[in-house]
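Below: the structure, in structure tokens.
Just so it is clear, none of the values below were taken in a lab; they were calculated from the coordinates. These numbers were taken from a predicted model, which means no experiment stands behind them. Positions of Cβ are backbone-derived with ideal geometry, glycine not excepted, and every protein chain shown enters the neighbour counts.
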Amino acid sequence: MAGDARDEAQPRRERPRQRRASEPTERRRRRREEDQEKGAAQREEPGSREASADEPATRQLGATEAAKLAVDHVTALTGRDSEGVTSLERTDDGWLVGVEVVESHRVPDSTDVLAVYEAELDHSGELVSYRRRDRYARGRGNER
């Protein structure tokens with residue numbers, strides 16, 4: 001049989017793997033090490049760059065970070081799956097983010113019940129408040 005001939009065949013020899021970083025990878029690694037050394041040296045220098053009076057004490061939260069944090073907060077509080085961010089707005093006090101979640105999974109998926117939650121975050125990403133703004137069937141679209 002043809003299957004028997006394969007079974008008796010010699011096993012393929014595997015070449016030993018040679019692990020060698022590619023040139024760009026090696027350059028990135030060296031650059032990262034140099035940047036870490038520079039950062040350590042700046043921290044050790046007495047009188048190195050100090051925060052000025054007009055710089056905020058905490059780093060400002062970017063839009064992408066605010067959206068990710070809002071999704072995390074809403075999914076943790078509701079215990080439901082997130083579909084995505086529907087709105088994002090910077091306010092005087094932080095961020096206002098709309099997060100769409102699946103309230104109820106149904107068969108077929110086009111009949112799932114979705115909801116939009118509005119999460120308000122402060123400048124550091126902490127949740128200030130959240131509320132459900134809208135609830136609708138996935139297949140209904142703008143017919144709400």
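Let me check I've understood the local charge: for LEU127, count other residues with C-beta under 11 angstrom from its C-beta, Lys and Arg +1, Asp and Glu -1. What total comes out? Don't skip to the end; give the middle numbers.
Details: positive: none; negative: ASP72, GLU120, ASP122, GLU126.
Summing Lys/Arg as +1 and Asp/Glu as -1 gives -4.
First select every other residue whose beta carbon is under 12 angstrom from the beta carbon of THR86; then total the charges, Lys and Arg +1, Asp and Glu -1.
Values: positive: ARG133; negative: GLU83, GLU89, GLU100, GLU118, ASP134.
Neighbour charge sum, excluding THR86 itself: -4.
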(message) What does the C-alpha gyration tensor say about the overall shape of region 57-96? Classify as rounded when a/c is under 1.5, otherwise prolate if a/b is larger than b/c, or oblate.
(response) prolate
